[in-house]
Amino acid sequence: MILVLDNAVDGGYMAGEIVHFLPEARAYNYPNEDGDPNLDDVDGVVIGGSGAGVYDEPDQPWIADQKRLARRLVEEGVPTLGICFGHQILNAALGGAVEDSGTTRLHLRDAEFDDEPLFNGVEPTVPVLHSDVVTELGDGMEVIGRADYYEYFATRHRDSPVWSVQYHPEFTPRIVDEYDGWEESARSFEESTATRTLANFADLVESYAND
């Protein structure tokens, strides 16, 4: 079973869409539940987006708790995928840095991905919804995806089955109307196969569970 950490403090941020694209997944609303989820029957974890920033830790005490959980996932080798805020908190939990870039991006964007199983069949055009960016990698993390404005667009841990992406693979036309400010561009969702990221992660989780 894949556990999706829903990091929405007051709603939104697409955890339900992640579950929609993952077989046998369930969501756990981390900011509003009591402590860490039970991982006994968990084969993999997705850390989802949030309206909070990693640097909001003083006002959002759950962020410090999730950083500890993130380090545990890395140390125990639990297959993990961080998305947007999840990408940022994984790097921050391992000693990296995250900052507000000052520019909010809500549009389709082109990226360059390394030859990684996570990106099998994933075209360069992906949806982004963020302003915060990773500015320093966490210990053990390495770059596996870049954008023209963002050196650390996607990362993975060199020793543990942990990956992270800045884009939202779960964001599709079925929910575009729910997000004010989405910018149309010359790029089209017909060019995007970003949801394959989630299918690929599910395959990776299964392969580690069968080892």
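A short reminder: the numbers here are calculations on the coordinates, not readings from a lab. Given the structure is predicted, the values throughout are model-derived calculations rather than measurements. Please note: Cβ atoms are built from the backbone with ideal geometry, for glycine as well, and neighbour counts cover all protein chains shown.
What to note about this one:
- The DSSP beta bridges internal to the chain are antiparallel in roughly 55% of cases.
- Using equal-weight Cα scatterers in the Debye expression, the normalised intensity of the stretch 62-149 in log10 at q = 0.21, 0.24 Å⁻¹ is -1.17, -1.37.
- Within the set (1) 114; (2) 128; (3) 137, the number that volume of the Cα convex hull per residue in Å³ takes when calculated for this structure is listed as (1).
- The order of 9, 45, 19, going from fewest to most other C-beta atoms within 10 Å of their C-beta, is 9, 19, 45.
- At q = 0.14, 0.28 Å⁻¹, base-10 log of I(q)/I(0) for the stretch 1-72 (Debye sum, equal scatterers on each alpha carbon): -0.40, -1.43
- The residues packed around residue 33, meaning those with a beta-carbon under 13 Å from its beta-carbon, carry a net charge of -3 if Lys and Arg are +1 and Asp and Glu are -1.
- Each of 147, 18, 128 was scored by the projection of its Cα onto the charge dipole of the stretch 2-210, and the greatest displacement toward the positive side belongs to 147; charges sit on the C-beta of Lys, Arg, Asp and Glu.
- Residue of 177, 40, 148 that the Gaussian network model of the chain assigns the largest fluctuation, springs spanning Cα pairs under 10 Å: 40
- Between 158, 109, 146, the Gaussian network model of the chain with springs among Cα atoms under 10 angstrom shows the greatest mean-square fluctuation at 158.
- Potential extension, residue 68-residue 207 segment - 0.36 nm per residue separation minus Cα distance: 47.5 nm
- Sequence-ordered 3J(HN,Hα) estimates for the stretch 21-37 from the Karplus curve with 6.51, -1.76 and 1.60 and θ = phi - 60° stand at 8, 10, x, 6, 10, 9, 9, 9, 7, 4, x, 10, 9, 9, x, 5, x Hz, glycine and proline given as x.
- Highest-fluctuation residue, 38, 29, 120 considered, GNM on the chain with Cα pairs under 10 Å: 38
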